[in-house]
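The values are calculated or read from the model by the stated rules, or taken from the named source; none is laboratory data. Keep in mind it's a predicted model, so treat the numbers as computed, not measured. Every residue, glycine as well, gets a Cβ built from its backbone with ideal geometry; the counts of neighbours run over all protein chains shown.
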Amino acid sequence: MNDNKKYWLDDRRNIDRLYWGLVAVCVILGVADLVWFMLGAAELVHYRHVYFGWDGWINFYGFFGFAAFWCIVIAGKNLRRFLWRPEDYYD
Amino acid sequence: MIEALPPGLILILGALLIPLFQKRLQPILTLALPFLGLVQLLMLEPGVSHQLRLFDYELVVVRVDRLSLIFGYIFHLAAFLAAVYALHVRDTVQHVAAMIYVGAAVGAVFAGDLVTLFIYWELTAISSVFLIWATRTEAAYRSGMRYLVIQVGSGVLLLAGVIIHASATGSIVFGKLIGEDGLLSAASPGVVLIFVAFGVKSAFPFLHNWLQDSYPNGTVTGTVFLSAFTTKLAIYALARGFPGTEILIPMGVVMTLFPVFYAVIENDLRKVLAYSLNNQLGYMVVGIGIGTELALNGTVSHAFAHILYKALLFMTMGAVLYRVGTTKATELGGLYKSMPVTTVCCLIAAASISGFPFFSGFVTKSMVMAEVEHLHLTWIFLGLLIASAGVMEHSGIKIPYFAFFSHDSGIRVKEAPWNMLVAMVAGAFLCVAIGLYPAPLYEILPFQGIDYEPYTTGHVLTYFQLLIFAILAFAVLVRTGIYPPEKRGVNLDFDWTYRKALPAMISWVARLGGGVGERLHAGVSSQLVDRTYRLIYRLHGPTGVFARTWSTGAIAFWAVVGLFGFLLLYLWGR
């Protein structure tokens with residue numbers, strides 16, 4: 001079935017495009033937060049509820065999301081050294 | 001007339017009729033039952049209750065209020081979708097088990113007293129295990145056995161708790177059980193036992209492994225049913241009995257966090273989903289622990305949305321299992337080419353569970369998060385935020401990426417059967433609909449008049465930042481080759497204690513006992529040991545005095561002797 005059909009994602013260049021597109025979206029989000037922050041500072045809009053202080057930093061959630069994701073994957077990778085057993089371990 | 005029946009009973013009684021029908025008609029009956037049940041529910045108004053007198057206790061077999069109604073609605077809706085998904089199944093056992101299971105879960109959320117709750121509680125355990133056994137493999141049989149022991153064990157704890165609680169207070173009403181101080185340490189032993197019983201079913205840390213052990217072993221369609229009812233029944237029970245119990249807040253955060261790490265390294269994608277389920281329960285448990293109206297609304301609405309997107313995730317992985325024969329990430333990849341509709345449904349479920357704005361998880365989970373912020377619970381908030389990035393990792397990215405994208409495994413299969421597609425598309429539609437237009441869901445939440453608006457610019461922006469930067473982290477990790485490749489194997493979890501350590505300990509004790517016997521025989525005095533063995537055999541062997549069948553008269557005589565002895569002791573004690 002459809003064995004020879006070429007898909008859009010089969011082309012390596014399209015994966016690159018997706019990757020850089022993602023980087024661009026992140027930059028846009030960061031800039032949007034900066035703009036929203038400045039508009040908030042000028043009291044033109046309500047920036048966002050700041051409960052803890054640090055959650056009001058520009059792009060705090062972006063940096064936090066990136067760092068948390070990174071740490072989770074690295075921690076998981078290291079945990080595997082202790083927790084991994086062969087598939088028939090319980091048999 | 002239909003509204004006079006206890007909710008859930010239509011499903012249970014209907015399930016018993018299923019075997020009377022031809023195999024190809026049975027699935028249609030399983031569609032009709034949740035539909036009828038839902039019609040009945042729509043006729044019920046909050047405030048209705050049916051009582052029944054049993055000895056000295058008043059059983060409230062049915063109690064209808066807003067909390068039970070919303071769980072009733074979603075249970076029926078989930079059962080209907082799962083029944084559509086299982087339309088192709090020609091296995092009487094599965095259809096009967098599934099309908100009894102759903103009926104028991106519905107009955108339990110409408111139970112107004114603890115005894116009725118206990119009966120339904122055990123019925124969910126006994127019926128649902130057949131959805132695991134129906135896989136009909138040795139692994140599924142063993143896993144089902146462990147599941148049954150733990151689930152029935154939870155019921156036994158519940159019963160013990162209810163007995164102690166009832167004898168202490170004289171009440172079996174299932175209302176708020178925890179005191180106003182919210183301290184479990186100040187609660188009575190009966191209440192603590194009930195709490196632990198609920199905890200087992202809610203998959204509290206260290207009590208959680210039945211979930212990851214059994215759900216991946218369920219049948220393709222059975223696991224969809226399993227994912228919806230057992231744990232959410234437990235969440236309902238906690239929300240009813242233990243709102244504002246402080247210990248639940250840190251407990252919930254731990255629940256959101258630890259499965260995240262396991263999910264990263266787990267190879268079986270249905271097991272990843274089981275860990276992810278555990279993590280989602282954490283958010284609900286935190287909401288119950290906070291116990292304010294907004295937090296409880298958050299918990300209940302999150303349970304509602306969660307049942308739909310989690311069932312949808314299990315449906316998509318079920319479709320993969322059905323077509324490919326495995327859900328191991330190491331074997332999959334590139335399936336978007338042959339299962340495009342399943343892929344899109346999986347992506348929608350992934351976006352919903354991750355809490356992307358405009359999808360269902362966003363409008364529900366954020367209520368719990370908002371209350372954590374209002375109360376300035378800094379560490380709790382940070383924990384939940386890390387867990388949110390974790391959800392993005394395991395359910396948002398890992399599931400769709402490794403099944404449908406990643407490297408092309410070369411597997412070419414047919415798209416899922418039409419009935420599976422209908423169920424998945426309907427589930428996906430609901431995930432988006434709730435996200436875009438949450439008002440109808442908010443209207444049926446237990447507490448009314450709570451002002452909550454998820455769609456503020458600041459809020460939407462923060463969630464997009466959190467999640468899209470997390471995706472960026474994934475992209476960078478994969479591109480740089482740091483992301484760990486999938487690997488066949490199992491990962492040790494707490495079930496190691498009862499699957500490895502305990503059996504090893506038992507055989508060690510047995511060996512020790514055998515050794516002692518032999519040493520006694522050889523070292524002390526073989527004659528003495530032999531004589532002891534002979535004596536024991538004479539008394540307890542097939543013809544021994546203690547093995548004999550006693551006549552009623554003899555028993556009556558010895559009973560009288562015993563009672564007389566007791567009387568003498570009593571008089572002497574005075």
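Residue B:73 fails exactly one of the following numbered conditions: (1) closer than 18 Å to residue B:303 by Cα; (2) buried (at least 22 other Cβ atoms within 10 Å of the Cβ); (3) of a type in the set (Ser, Thr, Tyr). What is the number of that condition?
With (1) closer than 18 Å to residue B:303 by Cα; (2) buried (at least 22 other Cβ atoms within 10 Å of the Cβ); (3) of a type in the set (Ser, Thr, Tyr) applied to residue B:73, the lone miss is (2).
Go through the range B:437-539 and tell me which helices (runs of 4 or more DSSP H), entirely inside it, have 3 or more residues that are over 30 Å from residue A:67 (Cα atoms).
Numbers: elements: B:439-443, B:457-479, B:502-519.
Helices (runs of 4 or more DSSP H) meeting the threshold: B:439-443, B:502-519.
Checking residue B:399 against (1) under 23 Å from the mean Cα position of the chain (by Cα); (2) in a loop (DSSP other than H, G, I, E, B), only one condition comes out false. Which one?
Unmet condition: (2).
Can you tell which of B:472, B:441, B:467 is over 31 Å from the mean Cα position of the chain (by Cα), surrounded by 16 or more Cβ atoms within 10 Å (Cβ to Cβ) and modelled with pLDDT of 95 or more? Can you show your working first?
Details: B:441 fails: over 31 Å from the mean Cα position of the chain (by Cα); B:467 fails: over 31 Å from the mean Cα position of the chain (by Cα).
When all the criteria are applied, what remains is B:472.
Looking only at the range B:355-388, count every residue that is within 11 Å of chain A (Cβ to nearest Cβ) and under 18 Å from residue B:313 (Cα atoms) and tell me the total.
Total meeting the criteria: 1.
So residue B:413 clears everything in (1) within 14 Å of another protein chain (Cβ to nearest Cβ); (2) under 26 Å from the mean Cα position of the chain (by Cα); (3) assigned to a loop (DSSP other than H, G, I, E, B) except one condition, right? Which one?
Single failed check for residue B:413: (2).
Can you tell me which of (1) modelled with pLDDT under 95; (2) polar (S, T, N, Q); (3) within 23 Å of the chain's Cα centre (by Cα) is the one residue B:68 doesn't meet?
It is condition (1) that residue B:68 fails.
I'd like to know if the range A:60-67 contains one or more residues that are outside any helix (DSSP H, G or I), at the interface with chain B (Cβ under 8 Å from one of its Cβ atoms) and either surrounded by 15 or more Cβ atoms within 10 Å (Cβ to Cβ) or not hydroxyl-bearing (Ser, Thr, Tyr) (or both).
Checking the range A:60-67: not a single residue is outside any helix (DSSP H, G or I), at the interface with chain B (Cβ under 8 Å from one of its Cβ atoms) and either surrounded by 15 or more Cβ atoms within 10 Å (Cβ to Cβ) or not hydroxyl-bearing (Ser, Thr, Tyr) (or both).
Results for (1) over 14 Å from residue B:458 (Cβ atoms); (2) more than 10 Å from chain B (Cβ to nearest Cβ); (3) touching a residue at least 24 places away in the same chain (Cβ under 8 Å), shown as yes or no for each residue.
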position: A:9; (1), (2), (3): yes, no, no
position: A:23; (1), (2), (3): yes, no, no
position: A:26; (1), (2), (3): yes, no, yes
position: A:29; (1), (2), (3): no, no, yes
position: A:45; (1), (2), (3): no, no, no
position: A:75; (1), (2), (3): yes, no, no
position: A:83; (1), (2), (3): yes, no, no
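Need pairs with beta-carbon distance below 8 Å; first residue in the same structural domain as residue B:34 (by TED's automatic domain parsing) and within the range B:60-73, second among the hydroxyl-bearing types (Ser, Thr, Tyr) and surrounded by fewer than 20 Cβ atoms within 10 Å (Cβ to Cβ); sequence gap 6+ or separate chains.
Taking only residues 6 or more apart or on different chains, the pairs are B:60/B:49; B:62/B:49; B:63/B:49; B:64/B:49.
Restricting the search to the range B:246-262, which residues are farther than 14 Å from residue B:369 by Cα and within 14 Å of another protein chain (Cβ to nearest Cβ)?
Across the range B:246-262, the qualifying residues are B:257, B:258, B:259, B:260, B:261, B:262.
Looking at the range B:112-125, is at least one residue outside any helix (DSSP H, G or I) and free of Cβ contacts under 8 Å to residues at least 40 places away in the same chain?
Here is the first cut: in the range B:112-125, the residues outside any helix (DSSP H, G or I) are B:112-113.
Add one more test, that the residue is free of Cβ contacts under 8 Å to residues at least 40 places away in the same chain, and what stays is none.
For the range B:112-125, residues outside any helix (DSSP H, G or I) and free of Cβ contacts under 8 Å to residues at least 40 places away in the same chain: absent.
Kindly list the number of the only condition in (1) surrounded by 13 or more Cβ atoms within 10 Å (Cβ to Cβ); (2) more than 7 Å from chain B (Cβ to nearest Cβ) that fails for residue A:53.
(1)
Give the residue, chosen from B:488, B:519, B:499, B:511, that is surrounded by fewer than 17 Cβ atoms within 10 Å (Cβ to Cβ) and within 11 Å of chain A (Cβ to nearest Cβ). Break it down into steps so the answer makes sense when it comes.
Numbers: B:519 fails: within 11 Å of chain A (Cβ to nearest Cβ); B:499 fails: surrounded by fewer than 17 Cβ atoms within 10 Å (Cβ to Cβ); B:511 fails: within 11 Å of chain A (Cβ to nearest Cβ).
Within the list B:488, B:519, B:499, B:511, the selection yields B:488.
Return yes when residue B:106 is in contact with a Gly (Cβ under 9 Å, 6 or more places away or on another chain) and either of a type in the set (S, T, N, Q) or buried (at least 24 other Cβ atoms within 10 Å of the Cβ) (or both) and no when it is not. Give the derivation first.
On the way: in contact with a Gly (Cβ under 9 Å, 6 or more places away or on another chain): yes; either of a type in the set (S, T, N, Q) or buried (at least 24 other Cβ atoms within 10 Å of the Cβ) (or both): yes.
It is true that residue B:106 is in contact with a Gly (Cβ under 9 Å, 6 or more places away or on another chain) and either of a type in the set (S, T, N, Q) or buried (at least 24 other Cβ atoms within 10 Å of the Cβ) (or both).
Looking at the range B:375-392 only, could you name the residues that are in a helix (DSSP H, G or I) and more than 23 Å from residue B:434 (Cβ to Cβ)?
Step one: list which residues in the range B:375-392 are in a helix (DSSP H, G or I), which gives B:378-392.
Those that are in a helix (DSSP H, G or I) and more than 23 Å from residue B:434 (Cβ to Cβ): B:378, B:379, B:380, B:381, B:382, B:383, B:386.
Only one of B:80, B:21 is assigned by TED's automatic domain parsing to the domain that holds residue B:172 and buried (at least 20 other Cβ atoms within 10 Å of the Cβ). Can you tell me which? If you could, list the steps in order and put the result at the bottom.
Values: B:21 fails: buried (at least 20 other Cβ atoms within 10 Å of the Cβ).
Result of the check over B:80, B:21: B:80.
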